[in-house]
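The values are calculated or read from the model by the stated rules, or taken from the named source; none is laboratory data. Predicted model only: the values in this text are computed from it and were never measured. No Cβ is skipped: glycine too gets one built from the backbone with ideal geometry, and neighbour counts run over all protein chains shown.
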Amino acid sequence: MVTIRLPDGSQRQFDAPVTVAQVAANIGAGLAKAALAGKVDGKVVDTSHLIAQDAELAIITDKDPEGLDVIRHSTAHLLAYAVKELYPDAQVTIGPVIENGFFYDFSYKRPFTPEDLLAIEKKMAELAKKDEPVTRKVLARDEAVAYFTSIGEAYKAEIIASIPADQVVSLYTEGSFTDLCRGPHVPSTGKLKVFKLMKLAGAYWRGDSKNEMLQRVYGTAWARKEDQEQYLHMLEEAEKRDHRKLGRALDLFHFQDEAPGLVFWHPKGWTIWQQVEQYMRRVYQDNGYQEVKAPQILDRSLWERTGHWENYRDNMFVTESENRHYALKPMNCPGHVQIFNSNMRSYRDLPMRYGEFGQCHRNEPSGALHGIMRVRGFTQDDGHIFCTEEQIQEEVTAFHRQAMQVYQDFAFEHISVKLALRPDNRIGTDETWDRAEDTLRTALTECGVTWEELPGEGAFYGPKIEYHLKDSLGRPWQVGTMQVDFFMPERLKAEYVSDDNARKTPVMLHRAIVGSMERFVGILIENHAGAMPLWLAPVQVAILNISDAQAEYAGNIAQILKKQGFRVITDLRNEKITYKIREHSVQKLPYLLVLGDKERDANTVAVRARGNVDLGVMSIDVLVERLKNDLDTKA
């Protein structure tokens, strides 16, 4: 007798071992038809999986997140099946699920073309309509190597040969195509109805540049057509919002080969930067931080004491002078410890909060660089808090509230919190890591938030809270962090005098709210599609005259607004007013003031808001009140 416990608490009993599909059919024909997989005692399996003993079972359908992963995994196999049907000489390698889709890498004698992609996608649809069963079988390692070698799939044979000889592997077959895979997969190809191939790219075999360059085909797959259409629409919007394109179009910044991964900021882009920095500087000041500045280059011996030279050396830029080795700082924390160490500290001084807009350099691989989102030189809104262990919870709680207010002011409403836990490559004892992780959990509980835990994703010196926000397209971005560090202060001999006159080591909290300033500005540009809110806009108001007769009046209005602190330009060119309006509208300016004889004579302005919204004629005082209200509310 096999007892199956279902998610609703009910039970089903069977006289003999039973498959997931049979349980679904026992529950109802509708569920049997919708079943994509099953979750047996927490593990996702095929519907053909045989349950031989009592177990908990959930039937996975396309309404479940796991169901979507199964669809995408199976669609990757469908892609490989179609490629083999069209190009029998092609060899298949790997094809995993990725965010929003999948990819598969192929070795083929010529590059695939966009026309090939269309043909492959068409073949995939034909194969899916056949509704061929997807079946699983298990082979010993050497049997599997022999099989793939016999059909000319050298890459598959190499993958299998690299695993221990005593292991078995699973193979999945649909129609004439068999592939190596752990699974699970949909029960038949007919379950795969909504997919699209997206693009081609190159990829080295096993990620090693010494190996052959393969061809990577990216695709997306969904349970419902409307979900895919929404996703494709989001991609179109993201393309329009690409900060690299907007950076050029709006004259914000540029890159060039002489400084790979480093940004040349133009006046308009630097104005946005400065608004963010000055805002964050006020946050520092309002919350008890002292702003400091540490050197860019520090001796190797310091990086050895912190552990960076051993754990982070490949990511650091190094140099030497007079037989001494130095590194450009990849982070600001060691410098802040030196400032703390410059005087004897008392427990009465703690918590001591330092903040720095510190420029860091990291030797990112050239292939990982991405506009101002991923650069080699960046500035952080970095801060470090030196405190006692008893003060950690209060400091983390206060930081959380600061961070949430900042994200609200930048108009981000959807924030998720994650807790990154100890990685394999770390310093310190497990006991110390336990204390650090538990302290952060307690602080998050105190804040009343729910969080997701990320095993293995902490820094090598401590666990961290991560803040992930969603932009206007629903895309997630990781920005702020709060990290507990028991190790670096000890390694760098930071001390304070406790209330019993003993020397003790403070705890160091690493914190940032926006993180990389470059990256955050890029997020803002894409979030607003370049149409920055008034308080962030590099140019807030453009004054346009209809003829030379209003030029002097335009200059007077500009001076009035500049004295009020607004960023204003005048356009007095001898051009048609419609041309000037169109040109400045393309630059996404918040307000345009159009001045003709009527406005000059009445001492008024005709106001247009972004989006070609005609606000009519108003006095300067009314305009200034409106602008100030926009600034105060960060509208």
ask   = Across region 516-573, what is the total count of residues that are in a loop (DSSP other than H, G, I, E, B) and polar (S, T, N, Q)?
value = 3
remark   = Residue count, region 46-99, condition of a type in the set (D, E), surrounded by fewer than 19 Cβ atoms within 10 Å (Cβ to Cβ) and within 28 Å of A24 (Cα to Cα), comes to 5
query = Which one of K39, K33 is under 23 Å from V138 (Cβ atoms) and free of Cβ contacts under 8 Å to residues at least 60 places away in the same chain?
reply = K39
query = Taking M508 and the conditions (1) surrounded by fewer than 22 Cβ atoms within 10 Å (Cβ to Cβ); (2) in a strand (DSSP E or B); (3) of a type in the set (A, V, I, L, M, F, W, C); (4) over 25 Å from the mean Cα position of the chain (by Cα), which numbered condition does it fall short on, given that it satisfies the others?
reply = (1)
ask   = Does V18 meet the test of being buried (at least 16 other Cβ atoms within 10 Å of the Cβ), at pLDDT below 95 and out of contact with any Lys or Arg (no Cβ under 7 Å at 6 or more places or on another chain)?
value = yes
Residue match in region 214-227 (condition: in a helix (DSSP H, G or I), among the aromatic types (F, W, Y) and surrounded by 13 or more Cβ atoms within 10 Å (Cβ to Cβ)) = no
ask   = Taking region 135-181 as the search range and keeping residues that are polar (S, T, N, Q) and either farther than 29 Å from L192 by Cα or touching a helix residue (DSSP H, G or I) at 6+ places or on another chain (Cβ under 7 Å) (or both), which one is surrounded by the most Cβ atoms within 10 Å (Cβ to Cβ)?
value = T149
request  = Scan region 112-127 and give yes if some residue there is surrounded by fewer than 12 Cβ atoms within 10 Å (Cβ to Cβ) and touching a strand residue (DSSP E or B) at 6+ places or on another chain (Cβ under 7 Å), otherwise no.
outcome  = no
request  = Look through V318, V337 and report the one residue that is within 23 Å of V396 (Cβ to Cβ) and hydrophobic (A, V, I, L, M, F, W, C).
outcome  = V337
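Residue by residue, here is whether (1) crowded, with 20+ Cβ neighbours inside 10 Å; (2) at pLDDT 95 or above; (3) not basic (K, R) holds:
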{"site": "V484", "(1), (2), (3)": "yes, no, yes"}
{"site": "M488", "(1), (2), (3)": "yes, no, yes"}
{"site": "Y496", "(1), (2), (3)": "yes, yes, yes"}
{"site": "D499", "(1), (2), (3)": "no, no, yes"}
{"site": "G522", "(1), (2), (3)": "yes, yes, yes"}
{"site": "I525", "(1), (2), (3)": "yes, yes, yes"}
{"site": "P538", "(1), (2), (3)": "yes, yes, yes"}
{"site": "A542", "(1), (2), (3)": "yes, yes, yes"}
{"site": "E552", "(1), (2), (3)": "no, yes, yes"}
request  = Go through (1) under 27 Å from S498 (Cα atoms); (2) touching a helix residue (DSSP H, G or I) at 6+ places or on another chain (Cβ under 9 Å); (3) surrounded by fewer than 19 Cβ atoms within 10 Å (Cβ to Cβ); (4) among the acidic types (D, E) and name the single condition E390 misses.
outcome  = (2)
query = Where residues in region 599-617 are in contact (Cβ under 8 Å) with a residue 12 or more places away in the chain and assigned to a helix (DSSP H, G or I), which of them is nearest to K240 (Cα to Cα)?
reply = E599
inquiry  = Quick check on my filter: what residues within region 1-30 are in contact (Cβ under 8 Å) with a residue 24 or more places away in the chain and closer than 17 Å to D64 by Cα?
reply    = L6, P7, V20, A21, A24
task = Any residue in region 297-326 that's within 14 Å of Q338 (Cβ to Cβ) and surrounded by fewer than 14 Cβ atoms within 10 Å (Cβ to Cβ): show its pairings with residues that are modelled with pLDDT of 90 or more and not small (G, A, S) at Cβ separation under 8 Å, as long as the two are six or more apart or on different chains.
result = I297/T319; I297/Y326; I297/L328; I297/K329; D299/R324; D299/H325; D299/Y326
Odd one out for K43 among (1) surrounded by fewer than 19 Cβ atoms within 10 Å (Cβ to Cβ); (2) of a type outside the set (D, E); (3) closer than 21 Å to P96 by Cβ; (4) in contact with a helix residue (DSSP H, G or I) (Cβ under 7 Å, 6 or more places away or on another chain) = (4)
Verdict on Y218 being over 30 Å from S585 (Cα atoms), at pLDDT below 95, among the hydroxyl-bearing types (S, T, Y) and out of contact with any Asp or Glu (no Cβ under 6 Å at 6 or more places or on another chain) = no
request  = Check off (1) among the charged types (D, E, K, R); (2) under 25 Å from Y81 (Cβ atoms); (3) in contact (Cβ under 8 Å) with a residue 60 or more places away in the chain for K225 and give me the number that stays unchecked.
outcome  = (3)
task = Find all pairs meeting these conditions: Cβ atoms under 8 angstrom apart; at least six residues apart or on different chains; first residue within region 438-460 and of a type in the set (G, A, S); second residue loosely packed, with under 14 Cβ neighbours inside 10 Å.
result = G456/D424
task = Scan region 443-480 for residues that are among the β-branched types (V, I, T) and loosely packed, with under 14 Cβ neighbours inside 10 Å and jot them down.
result = T445, T450
ask   = So which of D116, D89 ends up being among the acidic types (D, E), more than 32 Å from the chain's Cα centre (by Cα) and either over 24 Å from V44 (Cβ atoms) or not in a strand (DSSP E or B) (or both)?
value = D89
Residue in region 618-635 that is surrounded by the most Cβ atoms within 10 Å (Cβ to Cβ), counting only those that are in a helix (DSSP H, G or I), within 36 Å of the chain's Cα centre (by Cα) and among the hydrophobic types (A, V, I, L, M, F, W, C) = L627
inquiry  = Every residue in region 92-113 that is under 24 Å from Q228 (Cα atoms) and either polar (S, T, N, Q) or not in a loop (DSSP other than H, G, I, E, B) (or both), please.
reply    = V97, I98, N100, G101, F102, F103, Y104, D105, T113
Condition met for E437 (part of a helix (DSSP H, G or I), acidic (D, E) and over 28 Å from L235 (Cα atoms)) = yes
